[in-house]
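The numbers here are math on the coordinates, done by the rules we state, and not lab data. Everything quoted here is computed from the prediction, not taken from an experiment. Positions of Cβ are generated from backbone atoms using ideal geometry, with glycine treated the same way; all protein chains shown enter the neighbour counts.
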Amino acid sequence: MKKAIIVVSFGTTYELTRKLCIESIENRIKEKYEDFLVVRAFTSQMVINKLKKRDNYFVDNPMEALYRIKEEKIYNIFIQPLHIIPGYEYEKLLKQVERFNSENSDFNIKIGKPLLYADSDYIKVVEALDLDGNNKDKAIVFMGHGTEHSADNAYIKLEETFNERWYKNIYIGTVEGNKTIDDIVCHLRENNIKKVDLMPFMLVAGDHAINDMASEEEDSWRSRLVSEGIETNIVLKGLGEVEGIQNIYMEHLEDILTK
């Protein structure tokens, strides 16, 4: 075994969605590239630490994964991130790899792209989700994570891509980005929409989806919509469960394996 693939995500502390959304992609990679060593890494040290303390469950961060592979004397390493946008977590990964390379110059390391990177990725995501976005009486509302990073614009660009392809009642807001649930509520009022499907635009349906989006807490997105008299159907399904989304990650991995 002379090559390795590291599958990198932010991570999650929820076992079920980890299996559905992260392991499912890892298993597809293992099946397709059976001659490679395939390992997992999380970029969130907070998630790693919580899993270790709470569940005695161990996950490497990217640097630890690289040094573990080094012990196996594997010098060709391919890293496929499962991040959604090229934001801070993706940049953290790039910096860790750069640091490893500075200390280990004899390694050949290639890094794939996150889900939304090239213009073509946006169209592929729209097609992969295959949504019914033309119902005049009902909207689909996505909750993305969002960020202060300039890559937050990816969510707006994706919504625009939906609109360009005639999906008019699809809205994407974020927990920590520029467009919030309040902005979306304004659009729903303007369009007199009284029903929505509410779902996460995140790799996993984890803490944000369960608590910030779907819970009955006063400040959750569900509660905010219900308080506006909007019938809200919760869809707790991470992007990693969607075969078409998995295919995009697989294509990004294939890109670095063949170049």
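For this structure, a couple of remarks:
- Full-extension gain in nm, Q45 to D255, via 0.36 nm per residue minus C-alpha separation: 72.8 nm
- Alpha-carbon centroid distance for the pair the stretch 1-71 / the stretch 154-171, whole angstrom: 32 Å
- On the basis of the beta-carbon distance and an R0 of 35 Å, E190 and D55 show a calculated FRET efficiency of 0.15.
- Amide H partners (placed H, <5 Å) of G11, local residues excluded: T43
- Calculated FRET efficiency for the pair S150/D35, C-beta based, R₀ 41 Å, to 0.05: 0.60
- Point-to-point label distance, E164-E103, nm (Cα→Cβ direction, 7 Å offset): 4.3 nm
- Ranked by the mean number of other Cβ atoms within 10 Å of their residues, highest first, the peptides 208-214, 155-161 come out as 208-214, 155-161.
- Computed extension length for D130-A118: 2.4 nm, one decimal, from 0.36 nm per residue of separation with the Cα-Cα distance subtracted.
- Counting charges near M250 (Lys, Arg +1; Asp, Glu -1) among other residues having Cβ under 14 Å from its Cβ returns a value of -2.
- Taking other residues whose beta carbon is less than 10 angstrom from the beta carbon of K138, and scoring Lys, Arg as +1 and Asp, Glu as -1, yields -1.
- Net +/- balance of residues flanking T180 in space, Cβ distance below 12 Å, scoring K and R +1, D and E -1: -4
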